[in-house]
């Protein structure tokens, strides 16, 4: 999977035609063979753009940044990125007519060690669902697979799970990188921050991490697209996907196979209801 | 609420933790204004006895309950949370409890996964005419939480300086 040349050509063409003001893509980090996001405003710089299986980040996160606001933006999206873009469009965070979207038929991205990422192995929408131009061969939809870690956790006992998650929450340093790297966390003022000064005295404890991560994942439930920007950004390498995948599984199994952002106009599972939703857990 | 048995009460999530003999559970009740709060009012005016461990908070609708409220209650003082609203179809705001129902299921399942017992967070539909049912619900939740023992997970007072 190498679309570097096509993306360079398209970006140069878009700048020449005056269709975009900025282009969001990937470039080599300069230190190793990993890639970092880059925001290009100068047409001469399009030669730095690359796209290979190392292009791991979700670029829709940069649509909420200052350097793309109220500008015409060109950007590259993979399957998962396009789903978060779909949600941002329905939530009126970006305007479709200001975007030029290059969709990619993604064959899966790799982590630092060169192994295919877990979410790519379980990916059910590899192709971009919203795009102006498509690169690569379409692969079509696949079946939804329940995350292997969630299936394994479900077999463990209550105390075992409690110990496992206590360690996760203890290792969190409350840097909020997960929140800042999430394309769907765009609130100007976050409810987690309202509590920080008075409740926690600025300390990071497992109590404050529990509060922050659980609230964060429940506010993303039914919207998370499993792009794993949060995990890539986490300096403590916490398995944050566990919280999201658990919510995704419960939502998929109980609410008419809902998967966030797959269809155009989807607003997430909690913005609609069905009379047939499960009721047996309520007295 | 008197403890049901004279045996030691052990926290189910932390078996090494034994409750002090005078331990009484604290249950946070979040009740919808139009049905459950009126129902709890009826329980009081009809002089029905129910455990005093519940601390009631009134909200306009059960869909006002953000999962955040449940997380914060468990993290501060509560050993259990009871959320109660109108029966499906009876919502004062037409469909609020249908939206709430979805959120409750996901919240409960996530809390169960991270190591909370399922009975820590309970939900009920109580209408304004069901004063007796409200007393039963509170009794059941209190009994359940007494069996589970004190909740000492991620409590913020454990970290106070």
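The values are calculated or read from the model by the stated rules, or taken from the named source; none is laboratory data. Note that the structure is a prediction, hence the values are computed from the model and not measured. Cβ coordinates were reconstructed from backbone atoms using ideal geometry, including for glycine residues, and neighbour counts include every protein chain displayed.
Summary table
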{"quantity": "Considering residues of segment B:106-132 that are out of contact with any helix residue (DSSP H, G or I) (no Cβ under 6 Å at 6 or more places or on another chain) and in a helix (DSSP H, G or I) only, the residue farthest from residue A:164 (Cα to Cα)", "calculated": "B:132"}
{"quantity": "Considering residues of segment A:1-32 that are touching a helix residue (DSSP H, G or I) at 6+ places or on another chain (Cβ under 6 Å) and not in a strand (DSSP E or B) only, the residue farthest from residue A:44 (Cα to Cα)", "calculated": "A:20"}
{"quantity": "When residues of segment A:251-260 are limited to those that are without any contact (Cβ under 8 Å) to a residue 60 or more places away in the chain and within 19 Å of the chain's Cα centre (by Cα), the one surrounded by the fewest Cβ atoms within 10 Å (Cβ to Cβ)", "calculated": "A:258"}
{"quantity": "Residue check for residue B:48: assigned to a loop (DSSP other than H, G, I, E, B), in contact (Cβ under 8 Å) with a residue 40 or more places away in the chain and within 13 Å of another protein chain (Cβ to nearest Cβ)", "calculated": "no"}
{"quantity": "Qualifying residue in segment A:67-74 (condition: crowded, with 22+ Cβ neighbours inside 10 Å and touching a residue at least 60 places away in the same chain (Cβ under 8 Å))", "calculated": "yes"}
{"quantity": "Filtered residues of segment B:81-105 (kept if farther than 21 Å from residue B:138 by Cα and either within 7 Å of another protein chain (Cβ to nearest Cβ) or assigned to a strand (DSSP E or B) (or both))", "calculated": "B:95, B:98, B:99, B:102, B:103"}
{"quantity": "Boolean, residue A:278 is in contact (Cβ under 8 Å) with a residue 12 or more places away in the chain, over 24 Å from residue A:124 (Cα atoms), in a loop (DSSP other than H, G, I, E, B) and within 7 Å of chain B (Cβ to nearest Cβ)", "calculated": "yes"}
{"quantity": "Close pairs from segment A:191-208: first more than 8 Å from every other protein chain (Cβ to nearest Cβ), partner crowded, with 16+ Cβ neighbours inside 10 Å and at pLDDT below 80, Cβ under 8 Å, at least 6 apart", "calculated": "A:202/A:196"}
{"quantity": "Leading residue by the ranking (farthest from residue B:149 (Cα to Cα)) among those in segment B:55-70 that are within 14 Å of another protein chain (Cβ to nearest Cβ) and within 12 Å of the chain's Cα centre (by Cα)", "calculated": "B:69"}
{"quantity": "Yes/no for residue A:257 being more than 10 Å from chain B (Cβ to nearest Cβ) and within 19 Å of residue A:146 (Cα to Cα)", "calculated": "yes"}
{"quantity": "Complete set of residues in segment B:122-141 that are more than 13 Å from chain A (Cβ to nearest Cβ) and crowded, with 19+ Cβ neighbours inside 10 Å", "calculated": "B:131"}
{"quantity": "Lone unmet requirement of (1) free of Cβ contacts under 8 Å to residues at least 60 places away in the same chain; (2) in contact with a helix residue (DSSP H, G or I) (Cβ under 7 Å, 6 or more places away or on another chain); (3) part of a helix (DSSP H, G or I) for residue B:58", "calculated": "(3)"}
{"quantity": "The lone exception for residue B:94 - which of (1) at positive phi; (2) touching a helix residue (DSSP H, G or I) at 6+ places or on another chain (Cβ under 9 Å) it fails", "calculated": "(2)"}
{"quantity": "Of the criteria (1) in contact with a strand residue (DSSP E or B) (Cβ under 8 Å, 6 or more places away or on another chain); (2) without any contact (Cβ under 8 Å) to a residue 60 or more places away in the chain; (3) more than 28 Å from residue A:274 (Cβ to Cβ), which one residue B:72 fails", "calculated": "(1)"}
